[in-house]
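Read through the structure below, which is laid out as structure tokens, and then see the notes.
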Amino acid sequence: MESRKQFLKKLGAGAAAFGASTFFSPIKAHEITQDLKGFTGSATDIAKNEDYWARVQQAFTVDRSLINLNNGGVSPSPDFVQAAMKKHLDFSNQAPVYNMWRILEPRREGVRQRLARNFGVDTEEIALTRNASESLQICQLGFDLNPGDEVLTTDQDYPRMINTFKQRERRDGIKLNQISIPVPAENDEEIVHRFEQAITPKTKLILMCHIINLTGQILPVKKVVQMARKKSIPVIVDGAHAYAHFDFKHEDLDCDFYTSSLHKWLFAPHGTGLLYVRKNKIKDLWPLMAAAESQDDDIRKFEEIGTHPAANYLAIGEALTFHEGIGSKRKEARLKYLNDLWIDEIVDGDKVVLHTSRNPKYACGIATVEIKGVEPGKLNGALWNEHRIITTPIVHDQFKGIRVTPNVYTTREEIARFTAAMKQQINKV
Ligand SMILES: Cc1ncc(COP(=O)(O)O)c(C=O)c1O
């Protein structure tokens with residue numbers, strides 16, 4: 001087989017004419033995933049293998065003059081994902097009505113198939129959306145509810161989703177009920193019990209997180225779904241942070257409605273999301289933008305949003321190839337390992353408190369930590385101003401701290417610098 005060097009030499013000037021991003025990137029993607037296959041060992045062994053992760057890090061073009069530990073908000077994509085999106089955009093722009101609508105748009109079916117396969121569901125149950133917010137609002141606004149009907153969620157669900165139900169309160173006269181949950185929550189039965197206790201004869205819908213963005217808490221989705229199903233109450237699952245973050249399939253959740261952003265942990269282009277609706281539930285869920293009656297049973301009715309770029313959706317394919325090249329077990333183990341590195345060094349449970357479970361069943365790459373006596377906004381500001389480290393301040397009635405979310409491109413040296421910076425801030429108190 002010819003080497004990359006020989007191959008590039010043969011291409012000579014022709015390759016340069018294509019430009020680095022459009023021509024070389026697919027080769028790089030292939031090379032990286034091929035190299036990763038060469039590493040053997042358990043996920044926990046690989047989590048500590050810096051040679052492996054150095055290869056993964058090369059896929060990204062992130063700015064190493066700063067340390068970005070807010071990958072939960074939105075993640076950078078590998079450069080070949082960006083290159084694929086740009087390639088599709090440029091091609092679209094040559095004759096959008098033909099290239100974008102007639103050639104590229106139909107190719108989203110391949111992406112739908114791949115996402116369905118990855119999640120372990122039928123292709124006809126996956127819609128491509130712009131983000132988790134859109135997927136969630138399709139569900140939150142798509143059920144017929146009458147004045148006096150109640151919906152149930154927690155006081156740790158995402159503010160936009162709580163506002164969506166609050167708007168329905170004002171518009172439709174429904175009532176929103178919210179339960180609180182322990183921080184951290186390590187008893188599945190207690191979570192199920194808290195939801196169950198709050199159900200009334202008027203409860204028509206439940207919204208719950210798969211992972212809570214504030215603390216990284218992973219909730220027992222399957223148990224809540226199965227409890228609610230016995231009472232004929234649909235559960236909308238907010239998996240904005242869960243999909244492609246840690247290892248699970250749809251069968252581990254057994255839910256009828258699942259939503260996620262793909263620009264978080266799958267590292268797909270910004271403005272991509274996923275909606276899963278079980279086949280026999282599609283008909284009774286209204287789309288956000290109107291669709292023809294003939295589409296009532298078709299998952300694509302949720303994609304009737306008017307003109308939009310095809311490029312973002314098609315480049316999800318490259319992100320999936322990269323994700324599957326690493327493997328979700330290895331990714332999960334690495335993210336947990338990176339957080340364990342700093343947690344082991346600074347958390348003492350007294351002056352420095354962790355609001356995230358240390359049990360891998362209940363947390364992965366998101367952790368929230370508090371230095372007692374220091375306001376999260378102030379700590380967040382000091383980390384940025386003094387150390388060029390990005391984190392997220394979190395303030396909730398029950399707890400507060402800064403949220404730390406590393407990524408597969410994060411180096412151990414960056415975690416060591418974050419740890420040292422935190423020690424400096426702790427010593428100031
Ligand atoms: C729990 C949760 N739900 C929904 C969303 C919305 O995601 P997006 O902004 O990608 O639509 C977020 C975003 O961080 C989130 O954390």
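The values are calculated or read from the model by the stated rules, or taken from the named source; none is laboratory data. In this text, all values refer to a predicted model and were calculated from it rather than measured experimentally. Cβ sites come from the backbone with ideal geometry, for glycine too, and all protein chains shown count toward neighbours. Areas reflect the complete protein model, heavy atoms only, side chains present, ligands, DNA and RNA absent. Shrake-Rupley method; radii C 1.70, N 1.55, O 1.52, S 1.80 Å.
In the set HIS270, HIS245, which member is within 16 Å of the ligand (Cβ to nearest atom) and open to solvent by 30 Å² or more (accessible area, probe 1.4 Å)?
That would be HIS270, the only listed residue that is within 16 Å of the ligand (Cβ to nearest atom) and open to solvent by 30 Å² or more (accessible area, probe 1.4 Å).
Taking the range 239-290 on its own, how many of its residues are more than 17 Å from GLN137 (Cβ to Cβ) and of a type in the set (S, T, N, Q)?
1
Quick test of your reading of the structure: ASP35 fulfils all but one of (1) of a type outside the set (Phe, Trp, Tyr); (2) buried (at least 19 other Cβ atoms within 10 Å of the Cβ); (3) at pLDDT below 95; (4) touching a Lys or Arg at 6+ places or on another chain (Cβ under 7 Å). Name the failing condition by number.
Looking at each condition in turn, ASP35 falls short on (2).
Out of all the residues in the range 226-242, which are buried (at least 23 other Cβ atoms within 10 Å of the Cβ) and not in a strand (DSSP E or B)?
ALA228, GLY239, ALA240, HIS241, ALA242
Please go through the range 141-161 and pick out each residue that is crowded, with 18+ Cβ neighbours inside 10 Å and within 19 Å of the chain's Cα centre (by Cα).
Those that are crowded, with 18+ Cβ neighbours inside 10 Å and within 19 Å of the chain's Cα centre (by Cα): GLN156, ASP157, TYR158, MET161.
Does the range 74-86 contain any residue that is within 16 Å of the ligand (Cβ to nearest atom) and surrounded by fewer than 16 Cβ atoms within 10 Å (Cβ to Cβ)?
Keep residues of the range 74-86 that are within 16 Å of the ligand (Cβ to nearest atom), which gives 74-77.
Filter once more, so that each one left must be surrounded by fewer than 16 Cβ atoms within 10 Å (Cβ to Cβ): 74.
Checked against the condition, which is being within 16 Å of the ligand (Cβ to nearest atom) and surrounded by fewer than 16 Cβ atoms within 10 Å (Cβ to Cβ), the range 74-86 yields at least one hit.
Please give the number of the condition ARG300 fails out of (1) away from the ligand (no atom under 16 Å from the Cβ); (2) in a loop (DSSP other than H, G, I, E, B); (3) not aromatic (Phe, Trp, Tyr).
Exception for ARG300: condition (2).
Going through the range 212-221 one residue at a time, which ones are open to solvent by less than 20 Å² (accessible area, probe 1.4 Å) and either without any contact (Cβ under 8 Å) to a residue 40 or more places away in the chain or more than 23 Å from GLY349 (Cβ to Cβ) (or both)?
Answer for the range 212-221, where residues must be open to solvent by less than 20 Å² (accessible area, probe 1.4 Å) and either without any contact (Cβ under 8 Å) to a residue 40 or more places away in the chain or more than 23 Å from GLY349 (Cβ to Cβ) (or both): LEU219, PRO220, VAL221.
Okay, residues lined up against (1) free of Cβ contacts under 8 Å to residues at least 24 places away in the same chain; (2) within 27 Å of ASP144 (Cβ to Cβ); (3) of a type outside the set (D, E, K, R):
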{"position": "LYS249", "(1), (2), (3)": "no, no, no"}
{"position": "ASP252", "(1), (2), (3)": "no, no, no"}
{"position": "HIS263", "(1), (2), (3)": "no, no, yes"}
{"position": "LEU266", "(1), (2), (3)": "no, no, yes"}
{"position": "TYR276", "(1), (2), (3)": "no, yes, yes"}
{"position": "PRO287", "(1), (2), (3)": "no, yes, yes"}
{"position": "ASP296", "(1), (2), (3)": "yes, yes, no"}
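Cβ-Cβ distance below 7 Å, separation of 6 or more or different chains: which pairs start in the range 134-146 with a residue that is of a type outside the set (Val, Ile, Thr) and more than 15 Å from the ligand (Cβ to nearest atom) and end on one that is assigned to a helix (DSSP H, G or I) and open to solvent by 10 Å² or more (accessible area, probe 1.4 Å)?
Partner pairs satisfying both residue conditions: LEU145/ARG168; LEU145/ASP172.
Can you pull out the residues in the range 147-167 that are touching a Gly at 6+ places or on another chain (Cβ under 9 Å) and either within 27 Å of ALA291 (Cβ to Cβ) or within 11 Å of the ligand (Cβ to nearest atom) (or both)?
PRO147, ASP149, listed by residue number.
Would you say GLY38 is within 23 Å of the chain's Cα centre (by Cα), farther than 30 Å from ILE402 by Cβ and small (Gly, Ala, Ser)?
Judged against the criteria, GLY38 is not a match.
Does the range 89-101 contain at least one residue that is touching a residue at least 40 places away in the same chain (Cβ under 8 Å), among the polar types (S, T, N, Q) and away from the ligand (no atom under 16 Å from the Cβ)?
Yes: one or more hits.
Can you tell me which residue among VAL237, VAL225 is in contact with a Cys (Cβ under 6 Å, 6 or more places away or on another chain) and either more than 16 Å from the ligand (Cβ to nearest atom) or charged (D, E, K, R) (or both)?
Just a single option satisfies the conditions, and that option is VAL225.
One residue is enough: does the range 186-204 have a residue meeting the conditions more than 16 Å from the ligand (Cβ to nearest atom), more than 30 Å from GLY349 (Cβ to Cβ), part of a helix (DSSP H, G or I) and charged (D, E, K, R)?
yes
Residues that are farther than 30 Å from SER77 by Cβ: find the strands (runs of 3 or more DSSP E) completely inside the range 334-429 holding 2 or more of those.
Output list reads 352-354, 367-371.
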